[in-house]
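J.: Below you'll find the structure I mean.
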Amino acid sequence: MAERLNVSPSTISRALQNHPSIGKKMTAEVHKLAKKLGYYPNSVASNLRRNKTNVIGVIIPRIDRYYQSSAISGIEEVASKAGYYVIIFQSNNSYEREKENARMLLASQADGIIACLALETNNYDHLAVFKENNIPLVFFDRVCYEIETHKVIIDDFGAAVKATEHLISIGCRRIAHIAGNQKMAIFRDRLRGYQETLKKNNIPLEEELICFTEDLSSEEGDAATQKFIEMQVPPDGIFCSNDPCAIGVIQKIKKAGLSVPNNIAVVGFGNTPTSLIIEPALTTIDDHAFEMGQAAARMVIRQIEESQENVDSETIIIQNDLIIRDSTLK
(Lines give C-alpha, C1' and ligand atoms only; values in the text may rest on other atoms or scores of the structure.)
Protein backbone atom coordinates (compact mmCIF):
# COMPACT_ATOMS: atom_id res chain seq x y z
CA MET A 1 0.00 0.00 0.00
CA ALA A 2 2.84 2.38 0.80
CA GLU A 3 4.33 1.87 -2.69
CA ARG A 4 0.95 2.26 -4.43
CA LEU A 5 0.37 5.64 -2.74
CA ASN A 6 4.05 6.65 -2.78
CA VAL A 7 4.17 7.31 0.98
CA SER A 8 6.01 5.76 3.92
CA PRO A 9 4.69 2.68 5.81
CA SER A 10 4.41 4.81 8.96
CA THR A 11 2.06 7.20 7.12
CA ILE A 12 -0.11 4.25 6.09
CA SER A 13 -0.17 3.00 9.68
CA ARG A 14 -1.16 6.37 11.11
CA ALA A 15 -3.82 6.91 8.42
CA LEU A 16 -5.40 3.54 9.19
CA GLN A 17 -5.64 4.66 12.83
CA ASN A 18 -7.15 8.03 11.77
CA HIS A 19 -4.23 9.86 13.35
CA PRO A 20 -4.73 13.66 13.26
CA SER A 21 -1.21 14.19 11.88
CA ILE A 22 -2.37 12.73 8.54
CA GLY A 23 -4.57 14.86 6.32
CA LYS A 24 -8.19 13.92 5.71
CA LYS A 25 -7.62 13.40 1.97
CA MET A 26 -4.69 11.00 2.50
CA THR A 27 -6.56 9.16 5.28
CA ALA A 28 -9.55 8.68 2.97
CA GLU A 29 -7.31 7.40 0.13
CA VAL A 30 -5.60 4.92 2.47
CA HIS A 31 -8.90 3.57 3.79
CA LYS A 32 -10.29 3.29 0.26
CA LEU A 33 -7.26 1.33 -0.96
CA ALA A 34 -7.24 -0.85 2.17
CA LYS A 35 -10.89 -1.77 1.55
CA LYS A 36 -10.17 -2.52 -2.11
CA LEU A 37 -7.22 -4.76 -1.20
CA GLY A 38 -9.12 -6.49 1.62
CA TYR A 39 -6.56 -5.29 4.16
CA TYR A 40 -7.29 -5.11 7.87
CA PRO A 41 -4.83 -3.81 10.48
CA ASN A 42 -3.24 -6.45 12.71
CA SER A 43 -4.64 -5.11 15.98
CA VAL A 44 -3.03 -7.89 18.02
CA ALA A 45 0.46 -7.04 16.84
CA SER A 46 -0.20 -3.34 17.23
CA ASN A 47 -1.45 -3.82 20.78
CA LEU A 48 1.50 -6.00 21.72
CA ARG A 49 3.87 -3.27 20.52
CA ARG A 50 2.06 -0.96 22.94
CA ASN A 51 2.23 -3.67 25.65
CA LYS A 52 -1.58 -3.90 25.54
CA THR A 53 -3.85 -6.67 24.23
CA ASN A 54 -7.29 -5.07 24.74
CA VAL A 55 -8.38 -8.39 26.26
CA ILE A 56 -10.27 -8.83 29.53
CA GLY A 57 -10.25 -12.32 31.00
CA VAL A 58 -13.31 -13.56 32.90
CA ILE A 59 -13.28 -16.60 35.21
CA ILE A 60 -16.70 -17.88 36.27
CA PRO A 61 -17.88 -21.09 37.98
CA ARG A 62 -20.63 -22.14 35.54
CA ILE A 63 -21.76 -20.43 32.37
CA ASP A 64 -25.05 -22.38 32.39
CA ARG A 65 -26.28 -20.58 35.51
CA TYR A 66 -28.57 -17.65 34.71
CA TYR A 67 -26.89 -15.35 37.22
CA GLN A 68 -23.42 -15.83 35.75
CA SER A 69 -24.52 -15.69 32.11
CA SER A 70 -26.35 -12.43 32.87
CA ALA A 71 -23.23 -11.02 34.52
CA ILE A 72 -21.20 -11.98 31.44
CA SER A 73 -23.68 -10.12 29.21
CA GLY A 74 -23.17 -7.02 31.34
CA ILE A 75 -19.39 -7.38 31.17
CA GLU A 76 -19.39 -7.83 27.40
CA GLU A 77 -21.68 -4.87 26.77
CA VAL A 78 -19.39 -2.45 28.62
CA ALA A 79 -16.16 -4.04 27.32
CA SER A 80 -17.27 -3.97 23.69
CA LYS A 81 -18.22 -0.30 23.81
CA ALA A 82 -14.80 0.48 25.30
CA GLY A 83 -12.96 -1.47 22.57
CA TYR A 84 -12.08 -4.57 24.60
CA TYR A 85 -12.50 -8.24 23.82
CA VAL A 86 -13.66 -10.70 26.47
CA ILE A 87 -12.25 -14.20 26.97
CA ILE A 88 -14.38 -16.42 29.20
CA PHE A 89 -13.07 -19.35 31.23
CA GLN A 90 -15.30 -21.71 33.19
CA SER A 91 -13.96 -23.32 36.36
CA ASN A 92 -16.98 -25.62 36.82
CA ASN A 93 -16.55 -24.89 40.55
CA SER A 94 -13.19 -26.73 40.53
CA TYR A 95 -10.20 -25.21 42.34
CA GLU A 96 -7.71 -26.99 40.03
CA ARG A 97 -9.52 -25.85 36.92
CA GLU A 98 -9.68 -22.30 38.24
CA LYS A 99 -5.90 -22.39 38.76
CA GLU A 100 -5.46 -23.52 35.15
CA ASN A 101 -7.80 -20.76 33.95
CA ALA A 102 -5.66 -18.20 35.79
CA ARG A 103 -2.45 -19.63 34.35
CA MET A 104 -3.82 -19.41 30.80
CA LEU A 105 -4.95 -15.82 31.27
CA LEU A 106 -1.57 -14.82 32.68
CA ALA A 107 0.15 -16.43 29.68
CA SER A 108 -2.21 -14.70 27.24
CA GLN A 109 -1.24 -11.28 28.68
CA ALA A 110 -4.81 -10.19 29.36
CA ASP A 111 -5.01 -6.52 30.34
CA GLY A 112 -7.35 -7.21 33.26
CA ILE A 113 -9.18 -10.01 35.04
CA ILE A 114 -12.73 -10.33 36.38
CA ALA A 115 -13.34 -13.39 38.58
CA CYS A 116 -16.14 -15.14 40.45
CA LEU A 117 -14.71 -17.86 42.71
CA ALA A 118 -15.29 -21.60 42.41
CA LEU A 119 -16.95 -23.36 45.35
CA GLU A 120 -13.81 -25.46 45.92
CA THR A 121 -11.44 -22.51 46.10
CA ASN A 122 -9.88 -21.92 49.52
CA ASN A 123 -6.39 -20.84 48.45
CA TYR A 124 -5.92 -17.71 46.38
CA ASP A 125 -2.23 -17.72 45.39
CA HIS A 126 -3.11 -18.32 41.72
CA LEU A 127 -5.17 -15.11 41.72
CA ALA A 128 -2.77 -13.05 43.81
CA VAL A 129 -0.27 -13.49 40.95
CA PHE A 130 -2.26 -10.98 38.90
CA LYS A 131 -1.85 -8.32 41.57
CA GLU A 132 1.85 -9.14 41.88
CA ASN A 133 2.21 -8.52 38.14
CA ASN A 134 0.19 -5.26 38.27
CA ILE A 135 -2.67 -6.77 36.26
CA PRO A 136 -5.99 -5.24 37.38
CA LEU A 137 -8.16 -7.80 39.18
CA VAL A 138 -11.85 -7.40 40.07
CA PHE A 139 -13.92 -9.98 41.96
CA PHE A 140 -17.70 -10.12 41.71
CA ASP A 141 -20.38 -12.00 43.66
CA ARG A 142 -18.19 -14.78 45.15
CA VAL A 143 -15.26 -12.63 46.20
CA CYS A 144 -11.94 -13.10 47.97
CA TYR A 145 -11.28 -10.91 51.00
CA GLU A 146 -7.71 -12.17 51.43
CA ILE A 147 -6.54 -10.22 48.36
CA GLU A 148 -6.71 -6.44 48.59
CA THR A 149 -8.44 -5.62 45.34
CA HIS A 150 -11.64 -4.23 43.84
CA LYS A 151 -14.96 -6.07 44.36
CA VAL A 152 -18.56 -5.90 43.18
CA ILE A 153 -21.14 -7.52 45.45
CA ILE A 154 -24.77 -7.28 46.54
CA ASP A 155 -25.98 -6.92 50.11
CA ASP A 156 -26.67 -10.64 50.68
CA PHE A 157 -27.38 -10.12 54.36
CA GLY A 158 -29.89 -7.36 53.62
CA ALA A 159 -31.51 -9.40 50.85
CA ALA A 160 -32.02 -12.32 53.24
CA VAL A 161 -33.55 -9.95 55.77
CA LYS A 162 -36.03 -8.72 53.11
CA ALA A 163 -36.98 -12.28 52.17
CA THR A 164 -37.45 -13.47 55.75
CA GLU A 165 -39.32 -10.34 56.85
CA HIS A 166 -41.68 -10.80 53.91
CA LEU A 167 -42.51 -14.35 55.01
CA ILE A 168 -43.14 -13.09 58.54
CA SER A 169 -45.36 -10.27 57.20
CA ILE A 170 -47.72 -12.78 55.55
CA GLY A 171 -48.10 -14.73 58.78
CA CYS A 172 -45.37 -17.38 58.60
CA ARG A 173 -43.96 -18.29 62.00
CA ARG A 174 -42.15 -21.56 61.31
CA ILE A 175 -39.74 -20.57 58.55
CA ALA A 176 -37.16 -22.94 57.07
CA HIS A 177 -34.01 -21.98 55.18
CA ILE A 178 -32.23 -23.97 52.48
CA ALA A 179 -28.67 -22.65 52.66
CA GLY A 180 -25.89 -22.64 50.11
CA ASN A 181 -22.33 -23.90 50.53
CA GLN A 182 -21.00 -22.20 53.66
CA LYS A 183 -17.48 -21.93 52.22
CA MET A 184 -18.83 -18.91 50.36
CA ALA A 185 -19.38 -15.60 52.15
CA ILE A 186 -22.51 -14.87 50.10
CA PHE A 187 -24.29 -17.95 51.46
CA ARG A 188 -23.05 -17.36 55.01
CA ASP A 189 -24.47 -13.84 54.80
CA ARG A 190 -27.83 -15.12 53.54
CA LEU A 191 -28.00 -17.60 56.42
CA ARG A 192 -27.04 -14.89 58.90
CA GLY A 193 -29.71 -12.53 57.54
CA TYR A 194 -32.34 -15.23 57.99
CA GLN A 195 -31.19 -16.02 61.54
CA GLU A 196 -30.96 -12.40 62.67
CA THR A 197 -34.42 -11.60 61.30
CA LEU A 198 -36.01 -14.48 63.21
CA LYS A 199 -34.32 -13.31 66.41
CA LYS A 200 -35.39 -9.70 65.83
CA ASN A 201 -39.02 -10.89 65.51
CA ASN A 202 -38.85 -13.17 68.57
CA ILE A 203 -39.28 -16.31 66.47
CA PRO A 204 -37.38 -19.35 67.83
CA LEU A 205 -34.39 -20.38 65.73
CA GLU A 206 -34.69 -24.13 65.15
CA GLU A 207 -31.65 -25.89 63.70
CA GLU A 208 -33.83 -28.63 62.19
CA LEU A 209 -35.34 -25.99 59.91
CA ILE A 210 -31.97 -25.22 58.28
CA CYS A 211 -30.81 -27.50 55.48
CA PHE A 212 -27.31 -27.13 53.99
CA THR A 213 -26.61 -27.97 50.34
CA GLU A 214 -23.59 -28.25 48.04
CA ASP A 215 -24.78 -26.34 44.97
CA LEU A 216 -28.46 -25.48 45.60
CA SER A 217 -29.75 -27.68 42.77
CA SER A 218 -33.46 -28.36 42.27
CA GLU A 219 -32.76 -31.94 43.35
CA GLU A 220 -31.36 -30.69 46.66
CA GLY A 221 -34.43 -28.49 47.05
CA ASP A 222 -36.62 -31.56 46.49
CA ALA A 223 -34.71 -33.60 49.08
CA ALA A 224 -34.77 -30.84 51.70
CA THR A 225 -38.50 -30.32 51.23
CA GLN A 226 -39.15 -34.04 51.69
CA LYS A 227 -37.44 -33.79 55.07
CA PHE A 228 -39.43 -30.69 56.01
CA ILE A 229 -42.88 -32.05 55.12
CA GLU A 230 -42.20 -35.27 57.05
CA MET A 231 -41.77 -33.28 60.27
CA GLN A 232 -44.49 -33.49 62.89
CA VAL A 233 -44.97 -29.74 62.44
CA PRO A 234 -43.81 -28.78 58.90
CA PRO A 235 -42.65 -25.24 58.13
CA ASP A 236 -45.17 -22.73 56.81
CA GLY A 237 -42.53 -20.80 54.87
CA ILE A 238 -39.24 -21.65 53.15
CA PHE A 239 -36.53 -19.18 52.11
CA CYS A 240 -34.16 -20.68 49.51
CA SER A 241 -30.73 -19.32 48.67
CA ASN A 242 -31.37 -19.52 44.93
CA ASP A 243 -34.19 -19.97 42.42
CA PRO A 244 -33.35 -23.44 41.03
CA CYS A 245 -33.53 -24.81 44.58
CA ALA A 246 -36.81 -22.95 45.22
CA ILE A 247 -38.34 -24.42 42.06
CA GLY A 248 -37.45 -27.92 43.30
CA VAL A 249 -39.15 -26.99 46.58
CA ILE A 250 -42.38 -25.85 44.89
CA GLN A 251 -42.56 -28.97 42.73
CA LYS A 252 -42.09 -31.23 45.76
CA ILE A 253 -44.74 -29.42 47.82
CA LYS A 254 -47.26 -29.78 44.98
CA LYS A 255 -46.42 -33.47 44.49
CA ALA A 256 -47.13 -34.00 48.19
CA GLY A 257 -50.65 -32.66 47.65
CA LEU A 258 -49.97 -29.42 49.54
CA SER A 259 -50.57 -25.84 48.42
CA VAL A 260 -48.07 -23.10 47.68
CA PRO A 261 -48.52 -20.66 49.38
CA ASN A 262 -51.49 -21.66 51.55
CA ASN A 263 -49.66 -24.53 53.28
CA ILE A 264 -46.07 -23.44 52.64
CA ALA A 265 -44.99 -20.10 51.16
CA VAL A 266 -41.72 -20.05 49.18
CA VAL A 267 -39.15 -17.33 48.46
CA GLY A 268 -36.18 -17.79 46.10
CA PHE A 269 -33.12 -15.76 45.17
CA GLY A 270 -31.99 -14.63 41.71
CA ASN A 271 -35.09 -13.68 39.70
CA THR A 272 -34.29 -16.22 36.97
CA PRO A 273 -36.61 -16.61 33.92
CA THR A 274 -37.93 -19.91 35.36
CA SER A 275 -39.16 -18.05 38.44
CA LEU A 276 -41.91 -16.63 36.22
CA ILE A 277 -42.69 -19.91 34.44
CA ILE A 278 -43.15 -22.09 37.53
CA GLU A 279 -46.71 -22.35 38.88
CA PRO A 280 -47.23 -20.52 41.14
CA ALA A 281 -44.81 -17.80 40.05
CA LEU A 282 -41.94 -17.49 42.51
CA THR A 283 -41.39 -14.60 44.90
CA THR A 284 -37.65 -13.92 44.69
CA ILE A 285 -34.77 -11.52 45.21
CA ASP A 286 -33.63 -9.71 42.06
CA ASP A 287 -29.84 -9.51 42.43
CA HIS A 288 -29.30 -7.43 39.26
CA ALA A 289 -26.60 -9.70 37.83
CA PHE A 290 -26.40 -7.78 34.53
CA GLU A 291 -25.71 -4.53 36.38
CA MET A 292 -23.11 -6.31 38.52
CA GLY A 293 -21.29 -7.41 35.36
CA GLN A 294 -21.41 -3.88 33.99
CA ALA A 295 -19.97 -2.47 37.21
CA ALA A 296 -17.15 -5.05 37.27
CA ALA A 297 -16.24 -4.26 33.64
CA ARG A 298 -16.19 -0.51 34.23
CA MET A 299 -14.03 -1.02 37.29
CA VAL A 300 -11.41 -3.17 35.56
CA ILE A 301 -11.29 -0.93 32.46
CA ARG A 302 -10.79 2.15 34.62
CA GLN A 303 -7.82 0.46 36.27
CA ILE A 304 -6.36 -0.61 32.91
CA GLU A 305 -6.63 2.82 31.33
CA GLU A 306 -5.68 4.90 34.33
CA SER A 307 -2.93 2.56 35.57
CA GLN A 308 -4.36 2.68 39.08
CA GLU A 309 -1.78 0.40 40.65
CA ASN A 310 -1.67 2.18 43.99
CA VAL A 311 -5.34 3.07 44.40
CA ASP A 312 -7.03 1.67 47.50
CA SER A 313 -9.35 -1.24 46.80
CA GLU A 314 -12.98 -0.28 46.26
CA THR A 315 -16.13 -2.30 46.90
CA ILE A 316 -19.30 -1.54 44.95
CA ILE A 317 -22.55 -2.81 46.45
CA ILE A 318 -25.33 -3.38 43.90
CA GLN A 319 -28.86 -2.87 45.22
CA ASN A 320 -31.33 -5.78 45.28
CA ASP A 321 -35.11 -5.94 45.22
CA LEU A 322 -37.76 -8.31 46.54
CA ILE A 323 -40.10 -9.31 43.69
CA ILE A 324 -43.39 -10.48 45.22
CA ARG A 325 -45.32 -13.09 43.21
CA ASP A 326 -47.92 -15.81 43.78
CA SER A 327 -45.74 -18.18 45.83
CA THR A 328 -46.22 -15.90 48.83
CA LEU A 329 -49.63 -14.32 48.07
CA LYS A 330 -51.88 -16.15 50.51
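The values are calculated or read from the model by the stated rules, or taken from the named source; none is laboratory data. None of the values given here were measured: they were computed from a predicted structure. Here the Cβ positions follow ideal geometry from the backbone for every residue, glycine too, while neighbour counts run over all protein chains shown.
J.: If you go through the stretch 147-169 one residue at a time, how many are more than 14 Å from Thr283 (Cα to Cα) and of a type in the set (Ser, Thr, Tyr)?
T.: Going through the stretch 147-169 one residue at a time, the tally reaches 1.
J.: Out of Val78, Val138, I need the residue that is out of contact with any strand residue (DSSP E or B) (no Cβ under 9 Å at 6 or more places or on another chain), surrounded by 20 or more Cβ atoms within 10 Å (Cβ to Cβ), under 19 Å from Ile316 (Cα atoms) and not assigned by TED's automatic domain parsing to the domain that holds Met231. Which one?
T.: The match here is Val78.
J.: Next question. Those residues that are polar (S, T, N, Q) and over 21 Å from Glu214 (Cβ atoms), I need them from the stretch 102-132; list them, please.
T.: Once the filter is applied, which keeps residues that are polar (S, T, N, Q) and over 21 Å from Glu214 (Cβ atoms), the stretch 102-132 yields Ser108, Gln109.
J.: Something else now. With the structure loaded, tell me whether Ala163 is surrounded by 16 or more Cβ atoms within 10 Å (Cβ to Cβ) and assigned by TED's automatic domain parsing to the domain that holds Glu305 or whether it fails that test.
T.: Answer is no for this residue.
J.: Taking the options Ile60, Ile12, name whichever one is buried (at least 17 other Cβ atoms within 10 Å of the Cβ), of a type in the set (Val, Ile, Thr) and at pLDDT below 75.
T.: Going through Ile60, Ile12 in turn, the sole match is Ile12.
J.: On the basis of being closer than 30 Å to Thr283 by Cα, crowded, with 20+ Cβ neighbours inside 10 Å and under 16 Å from the mean Cα position of the chain (by Cα), does Cys144 make the cut?
T.: no
J.: How many residues does the stretch 213-270 hold that are within 19 Å of Ile323 (Cα to Cα) and of a type in the set (A, V, I, L, M)?
T.: 10
For (1) among the aromatic types (Phe, Trp, Tyr); (2) more than 23 Å from Ile63 (Cα to Cα); (3) not assigned by TED's automatic domain parsing to the domain that holds His166, each residue gets a yes or a no:
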site: Ile247; (1), (2), (3): no, no, no
site: Gln251; (1), (2), (3): no, yes, no
site: Leu258; (1), (2), (3): no, yes, no
site: Val267; (1), (2), (3): no, yes, no
site: Ile277; (1), (2), (3): no, no, no
site: Pro280; (1), (2), (3): no, yes, no
site: Val300; (1), (2), (3): no, no, yes
site: Ser313; (1), (2), (3): no, yes, yes
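J.: Counting only residues that are under 25 Å from Ser69 (Cβ atoms) and either over 22 Å from the mean Cα position of the chain (by Cα) or in contact (Cβ under 8 Å) with a residue 60 or more places away in the chain (or both), give me the strands (runs of 3 or more DSSP E) lying completely in the stretch 193-304 with at least 1 of them.
T.: 237-240, 265-267, 284-286
J.: Residue under question is Asn242, and the condition is that it be among the polar types (S, T, N, Q), touching a helix residue (DSSP H, G or I) at 6+ places or on another chain (Cβ under 9 Å) and either closer than 23 Å to Thr197 by Cβ or at pLDDT below 95 (or both); does it hold?
T.: It is true that Asn242 is among the polar types (S, T, N, Q), touching a helix residue (DSSP H, G or I) at 6+ places or on another chain (Cβ under 9 Å) and either closer than 23 Å to Thr197 by Cβ or at pLDDT below 95 (or both).
J.: Name the single residue that is farthest from the chain's Cα centre (by Cα) among those in the stretch 152-167 being assigned to a helix (DSSP H, G or I) and among the acidic types (Asp, Glu).
T.: The selected residue is Glu165.
J.: Report yes if Ser73 is in a helix (DSSP H, G or I), without any contact (Cβ under 8 Å) to a residue 60 or more places away in the chain, surrounded by fewer than 16 Cβ atoms within 10 Å (Cβ to Cβ) and among the small types (Gly, Ala, Ser), otherwise no.
T.: When the stated conditions are applied, Ser73 does not pass them.
J.: How many residues does the stretch 101-119 hold that are modelled with pLDDT of 95 or more and more than 17 Å from Asn133 (Cα to Cα)?
T.: 3
J.: Determine, yes or no, whether Ile87 is β-branched (Val, Ile, Thr), over 19 Å from Thr149 (Cβ atoms) and not in a helix (DSSP H, G or I).
T.: Against the criterion (β-branched (Val, Ile, Thr), over 19 Å from Thr149 (Cβ atoms) and not in a helix (DSSP H, G or I)), Ile87 qualifies.
J.: In contact with a His (Cβ under 7 Å, 6 or more places away or on another chain) and modelled with pLDDT of 95 or more: is that true of Met292 in this structure?
T.: The answer is no for Met292.
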